[in-house]
1. Name, by its number, the condition in (1) surrounded by 13 or more Cβ atoms within 10 Å (Cβ to Cβ); (2) closer than 30 Å to residue 370 by Cβ; (3) at pLDDT below 95 that does not hold for residue 122.
2. Just to be sure I understand, how many residues within segment 112-158 are more than 21 Å from residue 238 (Cα to Cα) and of a type outside the set (Asp, Glu)?
3. In this structure, is residue 61 at pLDDT below 95, touching a Ser or Thr at 6+ places or on another chain (Cβ under 6 Å) and among the basic types (Lys, Arg)?
4. Return yes when residue 9 is among the charged types (D, E, K, R), without any contact (Cβ under 8 Å) to a residue 40 or more places away in the chain and either over 30 Å from residue 327 (Cα atoms) or surrounded by fewer than 16 Cβ atoms within 10 Å (Cβ to Cβ) (or both) and no when it is not.
5. In segment 319-362, what count of residues is obtained for those that are in a loop (DSSP other than H, G, I, E, B) and surrounded by 15 or more Cβ atoms within 10 Å (Cβ to Cβ)?
6. Which one of the conditions (1) over 24 Å from residue 158 (Cα atoms); (2) crowded, with 17+ Cβ neighbours inside 10 Å does residue 285 fail to meet, given that it meets all the rest?
7. When residue 220 is evaluated against the numbered criteria (1) over 29 Å from residue 43 (Cα atoms); (2) within 16 Å of the chain's Cα centre (by Cα); (3) surrounded by 16 or more Cβ atoms within 10 Å (Cβ to Cβ), which criterion, by number, is the only one it fails?
8. If we keep just the residues of segment 59-86 that are of a type in the set (Val, Ile, Thr) and touching a residue at least 24 places away in the same chain (Cβ under 8 Å), which is nearest to residue 256 (Cα to Cα)?
Amino acid sequence: MIIYWLELRKLLASAAVWGFLAACLLFNLFIIGNFRDEYADDVAAVSKVTGVALGQSFHDRLSRVTADGGQAAIHLERLRLETDGVTDVFEGYRTESIAERYIAAAGARGYFAKAMRDKYAALQKVVEEKAKRDESLSLYFAGSTYTRHRMLFNTLMGWLLVEGALIAALAALLSAGYEEIFRTGHIVYSTRTGRRILRPKLSASLTAGLGAWALLALLSLAVCFGMNEYGEVWRSNVSSLFNYRFDWIAGMRPFVTWHSFSVLAYLLAVLAAGTGLVACFSLMAFGLGIWVRNSYIAFLLFLAANAAMVAVPVLVPQTWMAGLAVRYLSMLTPVWLWLKRSLWFTDGDADIIWVHFETVGLCASLAVLAAFCLHAGICFRKRNLA
């Protein structure tokens, strides 16, 4: 435990880690400042009076809301028009055609075609349950829902995950290569602890990386929610009729999650999955840092490995069954999970054949990368350090 705290203190004393964290925060502030939406703010303010469940009681409360004129009055009238006569988008909604379009687009066959059909058969049951509960009759941000949702869950969260991955990789490589950088390896490895120091180093790098990601996310989101009004929107269902997705293959369709999420619950779920994803990149970088003595080369390999994972499913011919297997399995890798971040906890798209693909991918990636670090550690114990 003492060694763990000493290793953690080394990382916390690193100016590089804190400098990069500060640069990321400034960049995030710039992003947040460019996503102001006055109509969305007014909708959120009105939600404090009307609530978020669309229906007759919502319209009764909305009719009693007044505005002093100007832009606020225009926004109030727009909200009345957008919420008048809305219907449940899940009533009569069918998902079978999505499966068939994806199968045709991907050229899937055999097991993969069956898995795709099974996924959308399962989604149809979810849709029917959502229809019974009138889940789509929820305000969210009304007409600004799509842009505000993507600003938070695609743009800002996407950058936060990139920054978290890089900070975690930096901490992992610094911890794994510290003795090589400062030429203290022969002293450290000759002690009683010796090469078993990799265990506390890994724990310290994970703590530092995840801690930095949590701090960065907390500060960035605090600023985001401070600058943008949310009111009672937190209680809106994320599968609101105003929330949708553009699908180049299946067309524009509702944003359907496997479970019923409020906006707040969905944010917490995404943050939890993001933490697991940052841990994956930390393990990847630490394992490479053990294999490669030079931390700069290890970082380049870290980037190259992730770039290769992006390219592999694109380059492998989809006419082969093996090519299809590679394509679908690649979607479970950390870098592809990041690319699919806006679809977490939904059915995914044409490249996804698994229900809860983000959970399956995170568990599989964590297991594989933990085994990679363990194998690297075992090999390191036998390595000639001369």
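1. Residue 122 satisfies every listed condition except (3).
2. 7
3. yes
4. So residue 9 passes the test.
5. Residues that pass the stated criteria total 16.
6. With (1) over 24 Å from residue 158 (Cα atoms); (2) crowded, with 17+ Cβ neighbours inside 10 Å applied to residue 285, the lone miss is (1).
7. Of (1) over 29 Å from residue 43 (Cα atoms); (2) within 16 Å of the chain's Cα centre (by Cα); (3) surrounded by 16 or more Cβ atoms within 10 Å (Cβ to Cβ), only one is false for residue 220: (1).
8. 86
The values are calculated or read from the model by the stated rules, or taken from the named source; none is laboratory data. All figures in this text were calculated on a predicted structure; none of them were measured in a lab. We place every Cβ from the backbone using ideal geometry, glycine too, and count neighbours over all the protein chains shown.
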